[in-house]
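Okay, so here's the structure we're looking at.
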Amino acid sequence: MSARALTALVALLACGVLVATVRPGLARDFAKVKAGADAYALPGPDQAVLMSLGYRAALADFIYAHLRVGHGLHFEEKRRFEHVKDYLDVITTLDPKFVEPYLYADTFLTIQPVPARFEDYVAAREVLLKGTRELPFNQQVWFVAGQFIAYIAPPNIADPELKQSWRLEGAKILARACELATNNPNIPYQCLAAATLLNKAGEREALIQMLTRTLAVSDDEELHQQVLAVLGEWVGEQSREREQRRVQQFQKTWAADLRFISKEQLLLLGHGFDVVKCAGRALQPLPNEECAITWREWSHAIERR
Amino acid sequence: MRALTLMETVVSASILCSIGAVFVPAFFANLHASRLSEPLDGLARIAAHSAAFAELKPAKEAYPESAPLTPTDVPRGESVLDPPGTWEHPTWRALEFQPTMAHYFSFSYTSKSQGGGSSFVAKAHGDLDGDGLFSTFKIRGSVAPGAGHSQSYIEMDREVE
């Protein structure tokens, strides 16, 4: 064995002895050290947009993945995840149409290994409302936002007035979720829950508007029956009968006109009419139901009957 | 190209081992933590739908009936895809809860009425390392007469098994 190899071997052994001597003490000290606070390394939302160099969606995805993993890690460490709102702000600024962060915002902010604070509920509401602004036709986002603001957050608000205003705001958001076309099988009872909240708050106009719009856009027979029953009970039998007549009349018109297309498509196309028969209708300020061009005109004509 | 000397090999190996010692445990910790999102999201969803359910019902029957551990056998160390009909219990349907992808956790729901009010406990059990010891996550909710739904934060038992 050469002298250099021997030196290397001795050095290796010396290192091994050094590690074996020092390690137990360091390991003991290391075990005592626990992460107690989070360091937030991202710049503000506007700076993050610049930092993405145009890859906004990719950076938003990356930060969202970090947020999800961070949420789990904080559960393992049984401590609050401090900067969730900052991360969500950056993600939703980078990619405002990214759905997932809105759907899980309330979970990230308020489902923590320690009890959530009032400001966490306020922050979650803020993110969810941003979701409804950015994604005005996404039923899931409206549904999650409505559910959180109407039912989940209010029990954690001390001020009765604020609590009531959140419940009402949530009910209106849920009402909007009911109007959006959906294949969510649970939406009927969510709609009824929203109606219950509006009724309790004495919001009669909003209640009627929500129920009639739900009747207009939904194809679900079970939901129709439940909505009509609620209308009869809370608004009046007359109103129920009028809406029932309107629904039946619409079904008849649909069957006679374009039965093979969906209800949404028919509502988009507008009311069909016979051009020859309805010639000169511009001279009639109030066309009858056969000559109505829009569904609004058709609806008014039905009411005038 | 000359071969590395013993000293160079030792230095390179120590640097690689040091880097590995930092990143490999961190990677596995992150991997494990990412799997915790399943019970956390699941329980949050169950609690949210329970709150909506409670809004429509009187306080003494505010929550759906109890549902057994589903799937009955907690997946052991691997994700399972449920056969059709696994989540057909009326409670899971009422709560709109059904994992659509392969999953690692089983869920149960227990509700009861007491003194004019009612309460529920939703649990998620998992065995991520397949050693027969379960981690448990649970969330509780309750409704008292004249008061709205309220829920606890998520409690954990042996979350890292």
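When +1 charges are put on Lys and Arg Cβ atoms and -1 charges on Asp and Glu Cβ atoms, the dipole computed for the range A:232-301 relative to its Cα centre reaches about 120 debye. If you wrap the Cα atoms of the range B:1-150 in a convex hull and average its projected area over all directions, you get 13.5 nm².
Electrostatic bookkeeping for A:VAL99 treats Lys and Arg as +1 and Asp and Glu as -1; over the other residues with beta carbon under 13 Å from its beta carbon, the sum is -2. Tell me, rounded to the nearest percent, the portion of alpha carbon pairs in the range A:35-125 spaced more than 18 Å apart. So the pairs more than 18 Å apart make up 43 percent of the total in the range A:35-125. Loop-located trypsin sites (Lys or Arg not before Pro) in the range A:1-78 (DSSP state other than H, G, I, E, B) with a sparse environment of at most 12 neighbouring Cβ atoms within 10 Å: A:LYS34, A:LYS78.
Cβ under 12 Å from A:LEU109's Cβ, A:LEU109 left aside: what net charge do those residues give with Lys, Arg +1 and Asp, Glu -1? With Lys, Arg at +1 and Asp, Glu at -1, the net is -3. For the range B:1-144, the residue among B:CYS17, B:ALA29, B:PRO58 whose Cα projects farthest onto the positive side of the dipole built from Cβ charges is B:PRO58.
Sorting A:CYS178, A:CYS15 from the fewest to the most surrounding beta carbons within 10 angstrom yields A:CYS15, A:CYS178. Selection among B:PHE105, B:GLN151, B:LEU128 by position relative to the dipole of the range B:92-161 gives B:GLN151 as farthest towards the positive end (Cβ unit charges, Cα centre).
Sorting A:ARG133, A:ARG167, A:ARG245 from the fewest to the most surrounding beta carbons within 10 angstrom yields A:ARG133, A:ARG245, A:ARG167.
Separation of the range A:80-97 and the range A:137-174, taken as the distance between their Cα centroids, equals 21 angstrom.
For the protein assembly as shown, the dipole from Cβ point charges (+1 on Lys and Arg, -1 on Asp and Glu) about the Cα centre works out to 440 debye, to the nearest 20.
Neighbour counting of Cβ atoms within 10 Å sorts the residues A:HIS224, A:HIS74, fewest neighbours leading, into A:HIS224, A:HIS74.
Compute the Kirkwood hydrodynamic radius of the range A:126-278, taking the inverse of the mean of 1/r over all pairs of distinct Cα atoms, and give it in Å to one decimal. Answer for the range A:126-278: a Kirkwood hydrodynamic radius of 16.6 Å. Within the range A:161-268, the chymotrypsin sites (Phe, Trp or Tyr not before Pro) that combine a DSSP coil assignment with at most 11 other C-beta atoms in a 10 angstrom radius are A:PHE260. Among the cysteines of the protein assembly as shown, those with no neighbouring cysteine Cβ under 4.7 Å are A:CYS15, B:CYS17. Direction-averaged projected area, Cα convex hull, the range A:100-153: 3.3 nm², rounded to one decimal. Its Cα centre serving as origin, chain B has a Cβ charge dipole (Lys and Arg +1, Asp and Glu -1) of approximately 340 debye. Of the residues A:LEU135, A:GLN112, A:VAL122, the one whose Cα sits farthest toward the positive end of the charge dipole of the range A:87-140, with +1 on the Cβ of Lys and Arg and -1 on the Cβ of Asp and Glu, is A:LEU135.
Measuring spread by the Cα atoms of the protein assembly as shown yields a radius of gyration and Dmax of 29.5, 113 Å.
The numbers here are math on the coordinates, done by the rules we state, and not lab data. Just so it is clear, the structure is predicted and the values come from calculations on it, not from any experiment. Positions of Cβ are generated from backbone atoms using ideal geometry, with glycine treated the same way; all protein chains shown enter the neighbour counts.
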